[in-house]
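Data block below; observations after.
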Amino acid sequence: MGDLIRAIQSDGIRTSLSTVQKDIKIMKEPAPLGFGAPIKYSKKYSGYFYEDPNYTLKGVPLSDDELDSLKDALDAVKKIGAMRMHATFRNAVNKITATFEHESHSAQKAEVSRKTVFYDEAPRSTGADYLEVFMNAVKRNIPMSMVYYSYQKKRFQCTVVHTLFIKEFQDRWYIVAYSDKHQAVRVFGLDRVYDPVMVNIPFRITEHEAYAHFEEMYGVTPLKDLKPVATVFTAQPKRSNYLRAMPLHQTQQILKINENGSRQFAYELILTEEWLERLLSMGNSIKVEKPKWLVTLIKQRTQ
Amino acid sequence: MTHPSLYIKSQPVLLFNAPEYSCRIKNLFLLRIWLHPDFTCFNLGYQATSYYIRGGWVNISQHTQLLSTASKNPLQLLSAENIPYAPHHHHFEAHTDWLYFRLFFEAIPYRDQTLEMLENNLANEDDFDISNIKLTLKDGCEVVDLT
């Protein structure tokens, strides 16, 4: 033990007998509390040794570059992914991150911490709390009783839903489900749901066209028919550049390029409240031309 | 929040969605009733209105009782979640606000019955009183416990 402490101290690390003993104890403990290291004591040599000489703390040996890449990836998952996912996933990511930070602590201690990537961290929406229970219900085909508050109607409702699938749109979570109260397939925002609970009644299997529709939809709230229609608008040159760099939808096409750099864009999708809001958010940098009823609706909303 | 389904014992927990009832206050809603061997839970919603400035306020009397045709004695309120006991207030910020809350009463027998919720013995028109709550066992559905 004395040799071990001297070896550690020769690396410039201050330690003590009790610290080393505690570290060995943690190493021997099974995961996730410890590292499950096969450490044994040798009376002959009065010291500790690995019973399995191939054992390594890292499990999968990684190079420094690989460790750096892993850290970047974990940061991204933690910042972007974990906030979108349910508690179990977040806990798993936190465990990996904590383990990684423990492992890489000594390597990083001399470095000055500098943030290299800034992520857009949207506040966690309240609906995410119920994600896990709805995921369970979908996987097991179990109906859920829930209370729902409609922002639009300003009214509470109580219904039993038979969830077809869960949909995420711009950090908001929705369920697409057959609702007993409405006797139809409806979309419910999870941020407006209270006390969902699984109930022991037969699950209603709905072969619904909703699956196909959501591929052709921007958002979740259809304005009119569930049929894709062409939206056509002309965007000013600067806006055109942004849209070319990052299309609004996978159906985006450029119909016309003007001399001044403005472009006419076309999209084939089911028109939704969210699509309308997206168009409005671009202000006068675009001029919507088709369909006519959408042009009228935009005029009404901006008056 | 303590979820009622965490208390499941030998008897099933029954849930009654959208029960039939009468209430003088039109913006108070009885949404669900939980029948549990240890308690009875009411899920309620309140929609603020423009009648009061910024929607006004709400609270619940600690002496709120449940009267049942299946029980001789009134059933006492055990706890309230997401709504304060009087004299404290939950103040709304706008007349478009709403509040979802839970009231836990003593357990009621598992049988068909009519219930009445009384906030105070001396009736006041602003009290959260709900009457003619019809509870028919066949309308209840069993809560699934995956714990």
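Can you find a residue in the range B:71-78 that is out of contact with any helix residue (DSSP H, G or I) (no Cβ under 8 Å at 6 or more places or on another chain), more than 22 Å from A:Lys153 (Cβ to Cβ) and of a type in the set (Lys, Arg)? Taking every residue of the range B:71-78 in turn, at least one turns out to be out of contact with any helix residue (DSSP H, G or I) (no Cβ under 8 Å at 6 or more places or on another chain), more than 22 Å from A:Lys153 (Cβ to Cβ) and of a type in the set (Lys, Arg). Residues in the range A:24-44 that are assigned to a helix (DSSP H, G or I) and open to solvent by 80 Å² or more (accessible area, probe 1.4 Å): A:Lys25, A:Lys28.
Residue by residue, here is whether (1) buried (at least 19 other Cβ atoms within 10 Å of the Cβ); (2) in contact (Cβ under 8 Å) with a residue 40 or more places away in the chain holds:
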position	(1), (2)
A:Leu131	yes, yes
A:Asn136	no, yes
A:Asn141	no, yes
A:Gln157	yes, no
A:Phe188	yes, yes
A:Pro196	yes, yes
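Of all residues in the range A:252-266, those satisfying the criterion of being in contact (Cβ under 8 Å) with a residue 24 or more places away in the chain and surrounded by 14 or more Cβ atoms within 10 Å (Cβ to Cβ) are A:Ser262, A:Arg263, A:Gln264, A:Phe265, A:Ala266.
For the range A:160-171, the count of residues that are open to solvent by 10 Å² or more (accessible area, probe 1.4 Å), more than 20 Å from the chain's Cα centre (by Cα) and more than 18 Å from A:His213 (Cα to Cα) is nonzero. Flag: A:Gln264 matches the condition of being touching a Ser or Thr at 6+ places or on another chain (Cβ under 7 Å) and modelled with pLDDT of 95 or more.
Residue count for the range A:234-251 satisfying the condition of being open to solvent by less than 60 Å² (accessible area, probe 1.4 Å) and either hydroxyl-bearing (Ser, Thr, Tyr) or out of contact with any helix residue (DSSP H, G or I) (no Cβ under 7 Å at 6 or more places or on another chain) (or both): 6. Of B:Asp139, B:Asp126, B:Asp145, B:Asp112, all but one fail to be under 23 Å from B:Val58 (Cα atoms) and surrounded by fewer than 17 Cβ atoms within 10 Å (Cβ to Cβ); the exception is B:Asp126. Within the range B:57-72, if we keep just the residues that are open to solvent by 60 Å² or more (accessible area, probe 1.4 Å) and free of Cβ contacts under 8 Å to residues at least 40 places away in the same chain, the residue that is nearest to the other protein chains (Cβ to nearest Cβ) turns out to be B:Trp57. Could you please let me know if A:Thr97 is open to solvent by less than 40 Å² (accessible area, probe 1.4 Å), at pLDDT below 70 and either of a type in the set (Val, Ile, Thr) or within 30 Å of A:Tyr130 (Cβ to Cβ) (or both)? Here the answer is yes, as A:Thr97 does meet what is asked.
If you filter the range A:143-155 down to residues that are more than 8 Å from chain B (Cβ to nearest Cβ) and not in a strand (DSSP E or B), you find that the one that is least open to solvent (accessible area, probe 1.4 Å) is A:Pro143. The number of residues in the range B:19-34 being without any contact (Cβ under 8 Å) to a residue 60 or more places away in the chain, in a strand (DSSP E or B) and open to solvent by 20 Å² or more (accessible area, probe 1.4 Å) comes to 1. Looking at the range A:222-303, none of the helices (runs of 4 or more DSSP H) lying wholly inside it contains 2 or more residues that are more than 24 Å from A:Arg186 (Cβ to Cβ) and aromatic (Phe, Trp, Tyr).
The condition of being of a type in the set (Val, Ile, Thr) and within 14 Å of chain B (Cβ to nearest Cβ) holds for only one of A:Val160, A:Val187, that being A:Val160. Scanning the range B:37-56 for residues that are away from every other protein chain (no Cβ under 11 Å) and either surrounded by 17 or more Cβ atoms within 10 Å (Cβ to Cβ) or under 13 Å from B:Phe128 (Cα atoms) (or both) yields B:Phe39, B:Thr40, B:Phe42, B:Gly55, B:Gly56.
Does any residue of the range A:199-218 turn out to be touching a Cys at 6+ places or on another chain (Cβ under 8 Å) and crowded, with 18+ Cβ neighbours inside 10 Å? Can you show your working first?
Let us first name the residues in the range A:199-218 that are touching a Cys at 6+ places or on another chain (Cβ under 8 Å), namely A:199-201.
Filter again for crowded, with 18+ Cβ neighbours inside 10 Å, leaving A:199.
Yes: one or more hits.
The values are calculated or read from the model by the stated rules, or taken from the named source; none is laboratory data. Bear in mind the structure is a predicted one, so any value in this text is a computation, not a measurement. Cβ: placed from backbone, ideal geometry, glycine included. Neighbour counts: every protein chain shown. In case anyone asks, the SASA skips ligands and DNA or RNA and just uses the protein heavy atoms, side chains included. Shrake-Rupley method; radii C 1.70, N 1.55, O 1.52, S 1.80 Å.
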